[in-house]
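Chemist: Just passing along the structure, written as structure tokens.
The values are calculated or read from the model by the stated rules, or taken from the named source; none is laboratory data. Only a predicted model underlies this, so the values are computations on that prediction, with no experimental measurement involved. Heads up, the Cβs are rebuilt from the backbone with ideal geometry, glycines too, and the neighbour counts pull from every protein chain shown.
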Amino acid sequence: MAMRSFASTSTLLLRARPCTFTLLCRHHSSGPPPIFAPSGSTSAHTEIPYAEPNLASSAYLPPQPSAPPPEQLSPEATQSTPLDLTPEQRRLLEEIIRVDQAGELGANLIYQGQHAVFARGKDKKLADIVQHMWDGEKKHIAVFDKLITQHDVRPTALYPLWKVAGFALGAGTALLGKRAAMACTEAVETVIGEHYNSQVEALLRTFPTNHPSIPLLRQILQEFRDDELEHLDTAVENESQMTPHHALLSALIAAGCRGAIGVSERV
Ligand SMILES: [Fe+2]
Ligand SMILES: [Fe+2]
């Protein structure tokens, strides 16, 4: 029920006027910044955050030195891939992991591009908002780097292209101003959030649950979907819908994202 309502809510969000937005969306946390492990980096050349207790992603992230011992998952859940999948299930699993790693790479580069512009400006609060969202994407890419290895999935061959395209989109919209940058975030996070949602539904529909990596993957997709919705909230709160030509800009960026998703699932 909740998953279905997300898709319709995010669609409404694209159309919602700012005054109705607060009635539709959740509170988003502007909680403390993440703490990063002292070593290691992701495939997006970003830091790796420590695990947050009680989140599914903690299965793949380093625990904070001072944290109590994490709940022990079966090693199968994080270290092996199901061997009894049908060809259709295997294809779906590979598509999900390949496209999500590519999407998270793109998201990291978009925020990196926006931050590169805003960090040079006078509005430090804006740079901090973008930094906070970028830090969330660092968690996502760190987890998908682990998943792609665990499930022995080939990364997208278009990794270099998405890096350039993501940074250019982020920096380009930031150069147009805060509202255009937030409109970019709104469009991208809507598409990615809906995409995660459809993947959760596909896993529920298509997969047996006797291998523990599959329910764990589903929980991670749900966690990340909610993170993306939080970024979407942030963008609308920061006047994304007040940018000139908002509908056109949103449609163009969303179409680009959907095209990139379609290509990255297979290539
Ligand atoms: Fe993300
Ligand atoms: Fe995001």
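Chemist: Return the pair list, or none, for Cβ contacts closer than 7 Å from residues in region 186-203 that are within 16 Å of Glu95 (Cα to Cα) and among the basic types (Lys, Arg) to residues that are away from ligand 1 (no atom under 13 Å from the Cβ) and part of a helix (DSSP H, G or I), at least 6 apart or on different chains.
Modeler: Taking only residues 6 or more apart or on different chains, not a single pair turns up.
Chemist: Is region 236-248 home to any residue that is more than 14 Å from the chain's Cα centre (by Cα), under 29 Å from Tyr60 (Cβ atoms) and crowded, with 20+ Cβ neighbours inside 10 Å?
Modeler: First pass over region 236-248, keeping only residues more than 14 Å from the chain's Cα centre (by Cα): 236-248.
Now restrict to residues that are under 29 Å from Tyr60 (Cβ atoms): none.
No, region 236-248 contains no residue that is more than 14 Å from the chain's Cα centre (by Cα), under 29 Å from Tyr60 (Cβ atoms) and crowded, with 20+ Cβ neighbours inside 10 Å.
Chemist: May I ask you to list the residues in region 200-215 that are within 17 Å of Asp226 (Cβ to Cβ) and either of a type in the set (A, V, I, L, M, F, W, C) or touching a strand residue (DSSP E or B) at 6+ places or on another chain (Cβ under 8 Å) (or both)?
Modeler: Val200, Leu203, Leu204
Chemist: Listed residues Ile96, Ile148, Ile110; which is touching a Gly at 6+ places or on another chain (Cβ under 8 Å), assigned to a helix (DSSP H, G or I), in contact (Cβ under 8 Å) with a residue 12 or more places away in the chain and β-branched (Val, Ile, Thr)? Spell out how you get there, then give the answer.
Modeler: On the way: Ile96 fails: touching a Gly at 6+ places or on another chain (Cβ under 8 Å); Ile148 fails: touching a Gly at 6+ places or on another chain (Cβ under 8 Å).
Answer to the check: Ile110.
Chemist: If I filter region 227-235 for residues that are among the acidic types (Asp, Glu), more than 15 Å from ligand 1 (Cβ to nearest atom), in contact (Cβ under 8 Å) with a residue 24 or more places away in the chain and surrounded by fewer than 22 Cβ atoms within 10 Å (Cβ to Cβ), do I get at least one hit? Give the steps one after another, and end with the answer.
Modeler: Our first condition is that a residue be among the acidic types (Asp, Glu); within region 227-235, this holds for 227-228, 230, 233.
Applying the additional criterion that residues be more than 15 Å from ligand 1 (Cβ to nearest atom) yields none.
Scanning region 227-235, I find no residue that is among the acidic types (Asp, Glu), more than 15 Å from ligand 1 (Cβ to nearest atom), in contact (Cβ under 8 Å) with a residue 24 or more places away in the chain and surrounded by fewer than 22 Cβ atoms within 10 Å (Cβ to Cβ), so the answer is no.
Chemist: Let me ask something else about it. Return the total of residues in region 170-206 being on the phi > 0 side of the Ramachandran plot and crowded, with 20+ Cβ neighbours inside 10 Å.
Modeler: Number satisfying all stated conditions: 0.
Chemist: For region 116-138, which residues satisfy the criterion of being away from ligand 1 (no atom under 15 Å from the Cβ) and either of a type in the set (Asp, Glu) or in contact (Cβ under 8 Å) with a residue 40 or more places away in the chain (or both)?
Modeler: Residues of region 116-138 that are away from ligand 1 (no atom under 15 Å from the Cβ), as a first pass: 116-129.
Across region 116-138, the qualifying residues are Ala116, Val117, Phe118, Asp123, Leu126, Asp128, Ile129.
Rundown of residues vs (1) modelled with pLDDT of 95 or more; (2) within 16 Å of ligand 2 (Cβ to nearest atom); (3) surrounded by fewer than 22 Cβ atoms within 10 Å (Cβ to Cβ), yes/no style:
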site	(1), (2), (3)
Asp123	no, no, yes
Leu126	no, no, yes
Ile141	yes, yes, no
Lys146	yes, no, yes
His151	yes, no, yes
Leu161	no, no, yes
Ala168	no, no, yes
